[in-house]
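The values are calculated or read from the model by the stated rules, or taken from the named source; none is laboratory data. These numbers come from a predicted model, not from an experiment. Neighbour counts run over all protein chains shown; Cβ positions are idealised from the backbone, glycine included. Side chains included, ligands, DNA and RNA excluded: accessible areas come from the protein's heavy atoms. Shrake-Rupley method; radii C 1.70, N 1.55, O 1.52, S 1.80 Å.
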Amino acid sequence: MNTKIQYYTQKYDAQNDDYKFTTKASGVTTLGTILQGIKNPKSNIKNLLDEIRITTDKQLKRKLKSQLTGFTVQSYNDGKRRAYDNITHFTGLIVLDFDGVEDNAHELKQFLFDSFDFII
């Protein structure tokens, strides 16, 4: 839980209707802090997540998502730039992303969590 994780802010580009993470790390936190924030989000983050979930306007959803902080949990870089050449070490962690499998995502997640105790 004490593994150091870099975090990144995002910038929304209205002209291209896109958001991108900044290339330079905004700071450092720990895996435990991230998980605590996911389990017990601050009220402003909870409200933002609720708004993201209910909106059907794709452009608005992308703009709202750009207000969320991003994390790169699988690698740690020199802080100058998010690029493969700047990686200083790997953390041994990976993110499981269930986007695009909405029909079976809950069942898949439950199977993985029930089958492997190292998945959190």
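Only one of the listed values, (i) -0.41; (ii) -0.50; (iii) -0.56, was derived from the coordinates as log10 I(q)/I(0) by the Debye sum over Cα atoms at q = 0.12 Å⁻¹; which label is it?
(iii)
Can you tell me what share of the DSSP beta bridges in the chain is antiparallel? A percent to the nearest 5 is fine. Mind showing how you got there, number by number?
On the way: 14 of 14 bridges.
Expressed as a percentage, antiparallel bridges in the chain total about 100.
Given DSSP loops and a limit of at most 11 other Cβ atoms within 10 Å, what is the longest stretch of the chain that contains no such chymotrypsin sites (Phe, Trp or Tyr not before Pro)? The partial results should precede the final answer.
Numbers: sites that count: F116, F118.
Segment 1-115 is the longest.
Only Cα pairs within less than 10 Å get springs; with that Gaussian network setup on the chain, which residue of T29, T55, T72 has the largest fluctuation?
Among T29, T55, T72, the largest GNM mean-square fluctuation belongs to T55.
Write down the accessible area per residue of the chain in Å², having rolled a 1.4 Å probe over the full set of protein chains.
Numbers: 9170 Å² over 120 residues.
For the chain, the per-residue accessible area is 76 Å².
Past 21 Å, Cα to Cα: identify those pairs from K4/K63; K4/K24; K11/K109, in the order given. Write out the running numbers ahead of the final one.
Numbers: K4/K63 28 Å; K4/K24 16 Å; K11/K109 30 Å.
Where the Cα-Cα span goes over 21 Å, the pairs concerned are K4/K63; K11/K109.
How large, in percent, is the carbon and sulfur part of the accessible surface of the stretch 34-100 at a probe radius of 1.4 Å? Spell out each step's value before the answer.
Numbers: 2630 of 5190 Å².
After summing per-atom areas, the C and S share lands at 51 percent.
By the gyration tensor of its Cα atoms, with a ≥ b ≥ c the square roots of the eigenvalues, what is the shape of the stretch 41-112: rounded for a/c under 1.5, prolate for a/b over b/c, or oblate? Intermediate values should be presented prior to the final figure.
On the way: a/c = 2.24, a/b = 1.36, b/c = 1.65.
Oblate, because a/c is 1.5 or more while a/b does not exceed b/c.
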